[in-house]
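J.: I have a structure here, written as structure tokens, and I will follow up with some questions on it.
The values are calculated or read from the model by the stated rules, or taken from the named source; none is laboratory data. Since the model is a prediction, treat every value here as computed from it, not as a measurement. Cβ: placed from backbone, ideal geometry, glycine included. Neighbour counts: every protein chain shown.
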Amino acid sequence: MTDILSTTPSTAEDSRRLARRHFLRTTGQITVAAGGLALLSACGGSDNSGGTVTPTPTPTSTNTAAIINADALNLALNFAYLQAQFFAFATTGANISAIADTPAHPGGGAALLTGTGQQGTVTGGRAVSFSNPTIAQYAREIAADDLAHLAFLRSALGSSAVAMPSLNIDGSASGAFSTFAQAAGYVASGVTFDPYASDLNFLLAAFIFKDVAVTAYKGVTTLLSSTLTLDAAAGLLTTQAYHAALIRTTLYTMGQGTAAGQFSNARDTFDGSADIDQGITGTATTANIVPADAQGRVYTRTAGQVLNVAYQNRAAVTLGGFFPAGANGNIKTSAASNA
């Protein structure tokens, strides 16, 4: 495989970056945790329109926006569990519950999996034996970011955070990655697509998630009314966009535009008839690094469309694909897509 970059960051540079990242994440988590308390207070706050404060109020329209914020962030949290587990296994061979709380992986540990709803398990997952050290470094940094995002969202939601649902990140012929690759026509029906078998397979698997994450966070922002939670979602979206662009660029450099296009078309098949997903052209003159509309804006997926891709189903269903028992939280049904 062609080495994409000839240089590797120094150990000192790595240490500085990790220390800076840990500081920013730690302070960010404190800020958002405070916002999460305000969000939860709004969900449980009283209706003062009658001039009387009751100790156990009944939810009313005054807290509707806060409830919507929590539901939207919990949808993002479900997808954050999926990404964090996949990248953790790919880079360390371990479930995030086994990753200690360190500057590189803040907030690690089994406590990251708890919350409301049924806590699930992870099917599959193992370390990738990367042949390209640059791609391995990309993967490790993305894994650290995604684990930090998970801790960040849980901090913002506080006791409203949903538990990790059951996840299928298996590399067998019946695993969710294989069924996705089969639907894409990348492999034949019944044939295995193992995302942990090679650098290329890992990148294509990451491509499934990262483009969805960008469009999902953009969709989540349309559901948010709190300035604090909107700012947090915008920050997460930006990081996911960097990840997605890096993966798209790497696949383009490797000459894998056709393969990426098949995976992109599968996402579009699952989430409806409109073309809101674009592949990588793979030509010498056009890369299409940013999947965007005529105004240069990244596409948006609704909550239902995000679940269409995650469940690998065009119908309105509540489970399937990467979430074999469904997502946790109030937003759990995919959209009924048009043919």
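J.: State all residues of region 140-197 that are over 27 Å from Asp268 (Cβ atoms) and hydroxyl-bearing (Ser, Thr, Tyr); if no residue qualifies, say none.
T.: Ser155, Ser159, Ser160
J.: Can you name the number of the only condition in (1) part of a loop (DSSP other than H, G, I, E, B); (2) of a type in the set (Ser, Thr, Tyr); (3) modelled with pLDDT of 90 or more that Thr250 fails?
T.: Just one mismatch for Thr250, condition (1).
J.: Another question about this same structure. List every residue pair whose Cβ atoms sit under 6 Å apart, with the two residues 6 or more apart in sequence or on different chains, where the first one lies in region 232-255 and is within 21 Å of Ala151 (Cβ to Cβ) and the second, anywhere, is among the acidic types (Asp, Glu) and surrounded by fewer than 23 Cβ atoms within 10 Å (Cβ to Cβ).
T.: Qualifying pairs under 6 Å: Thr239/Asp145.
Here's the yes/no breakdown for (1) modelled with pLDDT under 95; (2) part of a loop (DSSP other than H, G, I, E, B); (3) surrounded by fewer than 20 Cβ atoms within 10 Å (Cβ to Cβ); (4) in contact with a Gly (Cβ under 9 Å, 6 or more places away or on another chain):
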residue	(1), (2), (3), (4)
Leu150	yes, no, no, yes
Ser155	yes, no, no, yes
Pro165	no, yes, no, yes
Phe177	no, no, no, yes
Phe180	no, no, no, yes
Val187	no, yes, yes, no
Thr192	no, yes, yes, yes
Pro195	no, yes, no, yes
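J.: A follow-up question, please. Which condition number does Gln83 fail, the rest of (1) under 22 Å from Thr221 (Cβ atoms); (2) touching a helix residue (DSSP H, G or I) at 6+ places or on another chain (Cβ under 6 Å); (3) at pLDDT below 95 being met?
T.: (3)
J.: Pairs only if they're at least six apart or on different chains, beta carbon under 8 angstrom, first in region 120-136 and within 16 Å of Met164 (Cα to Cα), second buried (at least 19 other Cβ atoms within 10 Å of the Cβ) and among the β-branched types (Val, Ile, Thr); list them, first residue then second.
T.: Short answer, once both residue conditions are applied: Val122/Ile169; Thr123/Ile169; Gly124/Ile169; Gly125/Ile169.
For every residue, the table says whether it meets (1) surrounded by fewer than 17 Cβ atoms within 10 Å (Cβ to Cβ); (2) modelled with pLDDT under 90; (3) under 17 Å from the mean Cα position of the chain (by Cα).
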residue: Gly257; (1), (2), (3): no, yes, no
residue: Phe263; (1), (2), (3): no, no, yes
residue: Gln278; (1), (2), (3): no, yes, no
residue: Thr283; (1), (2), (3): yes, yes, no
residue: Thr286; (1), (2), (3): yes, yes, no
residue: Val290; (1), (2), (3): yes, yes, no
residue: Asp293; (1), (2), (3): yes, yes, no
